[in-house]
Amino acid sequence: MKHSQLVRMILSGALILFIGLNQLTAAIRGGDHIAIVGNTFADQLRNHGYLETLLLNEFTADPISMRNLGWGGDTLTTRDRPTNFPTEESTLTEHQADVIIACFGMFESFAGEAGLENFKSDLIAFIQSHEGKQYNDESEVRLILISPIAYENLGTLTPNWKQRNKDLKRYTESMGEVAQKHGIPFVDLYTPTRTLFDDESNSQLTTNGVHPNDFGYWAISSLVFKELMAMDSKRATPWRMRIDAKSGKTESNGVALSDFSLRGNQFSFQVEERSSPFVPPPQEGELPALLKDFRDTLVIENLEPGEYSLVVDGVPVVTATHEQWAQGVPIDSTPAHRDTEEYREAVVDKNTQFVYSWKALNQVHIVGERRNSSSGRALPAEVKAFNKLTKQKDKGLGGGTERKTRNWQVLPNEKLTN
């Protein structure tokens, strides 16, 4: 065998080994069935859908499937449920869960320093309760731990917020220590959210210092997504486009630019969407520095002085001055972004159907003392119908947002109005 052939075989084998190891250590893998458990923060992820949308758009070739089992008020040791409610293990088995994302620590942190050791013991017990379990009938379930967020200072609405953040920091550090000891992926949300809360230019992210609002869920979900992808060495980056209006030179990330055509001080080009756009933030305006990386951006250099509008497939998107275009302008309203927002709404709808099948409001008729009444006997069939509908919608979400090639134009404002 020639030396060059031997080298190629060794390198090929090393590459296969690297890919295999990477798949084994990835926090989230294509095709994963993911279950979210935990407190109110976990529960309300389903009503916003940002994290799930980002993950679905990342794993388009082998879609993930997610079920939210969060419950307001849940802690590591207290999970009150109605009489005869299905066990968590049975629901995890029904979903064939490969991964459990666990969100705890906020309520527990109110015990302060005195409760820290109990929290660590309870967290270890939670981890051990899932050790060796194969909810998918094939492999041991993998855990991911998510820390609580920081406590936002909202004035008189959030007294003692400094002490609360001291406690939350210690609980987050303890969670990280336990995760590291057990070899479990861990996402620290306390540190970045504390930075966001300390940024005076930032918009309010919570309703009461603890529970995120819609903008807060967008920001925090983006942070979680970035960390999960970093664990797998994936680049969770938004669209980045740079165009020189004079030379026609282009650079791009996440999309491919072609067919650049310049006529006077207006130009057009084709954009092939090779990745899905980032989910647009639910509010307009400048984002804090920590969140700017989660926004798709277009930079246009060397424009003649004036105002210019971006038009995509005939739809006006955004207007800015030549100075603003040179610095970079967020492009959150293109047809692709609008499609992504509709897709997110479909994700939320799927989650709602699952709640109807799993955590319906009339549990007393389904599993409780009235389950043998005439109305109670009719409800199990409805629950099965909602479960079937959930699976149908889940399947329909596979593949993520449709990606297209679109015509982009940059026009001086007088051209747009003529």
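The values are calculated or read from the model by the stated rules, or taken from the named source; none is laboratory data. No experiment lies behind these values; they were computed from the predicted model shown. All Cβ positions, glycine included, derive from the backbone under ideal geometry; neighbour counts span all protein chains shown. Ligands, DNA and RNA are stripped out before the accessible areas are found, and what is left, the full protein with its side chains, is counted by its heavy atoms. Shrake-Rupley method; radii C 1.70, N 1.55, O 1.52, S 1.80 Å.
A few remarks follow.
- Site pair K162 and A256 shows an inter-label distance of 5.7 nm when each label is modelled 7 Å from Cα along Cα→Cβ.
- Low-density loop cleavage sites - GluC sites (Glu not before Pro) in the range 143-215, where at most 11 other Cβ are within 10 Å (DSSP): E200
- In loop segments of the range 170-219 as defined by DSSP, there are no chymotrypsin sites (Phe, Trp or Tyr not before Pro) with at most 10 further C-beta atoms inside 10 Å of their C-beta.
- For the pair the range 28-86 and the range 255-292, the centres of their Cα atoms are 31 angstrom apart.
- Counted as membrane-span-like here are DSSP H helices of the chain whose alpha-carbon atoms extend 18 Å or more along the helix's own axis and whose Kyte-Doolittle mean is 1.0 or above; these are 3-25.
- Peptides 33-45, 50-62 ordered by packing proxy, namely the average of other Cβ atoms within 10 Å per residue, highest first: 33-45, 50-62.
- Anisotropy class of the range 261-329 from Cα gyration tensor, a/c 1.5 cut: oblate
- Residues S121 and R263, FRET efficiency given R0 of 45 Å [Cβ-Cβ distance, rounded to 0.05]: 0.05
- Expressed as a whole percent, the accessible area of the range 259-342 that falls on carbon and sulfur atoms is 42 (1.4 Å probe).
- Counting only protein heavy atoms and a probe of 1.4 Å, the accessible surface of the range 47-201 is 48% carbon and sulfur.
- For a straight C-alpha distance cut-off of 30 angstrom, the lysines reachable from K292 (same-chain residues fewer than eight places away being disregarded) are K162, K166, K169, K226, K234, K246, K249, K350, K404.
- Two-decimal log10 I(q)/I(0) for the chain, as the Debye equation yields it once each C-alpha is a single scatterer, q = 0.08 Å⁻¹: -0.54
- Calculated over the range 53-157, the projected area of the Cα convex hull averaged across directions stands at 9.5 nm².
- Ordering of 257-269, 309-321 by burial proxy (mean other Cβ atoms within 10 Å per residue, highest first): 309-321, 257-269
- Loop-located GluC sites (Glu not before Pro) in the range 271-326, at most 12 other Cβ atoms within 10 Å (DSSP): E284, E286
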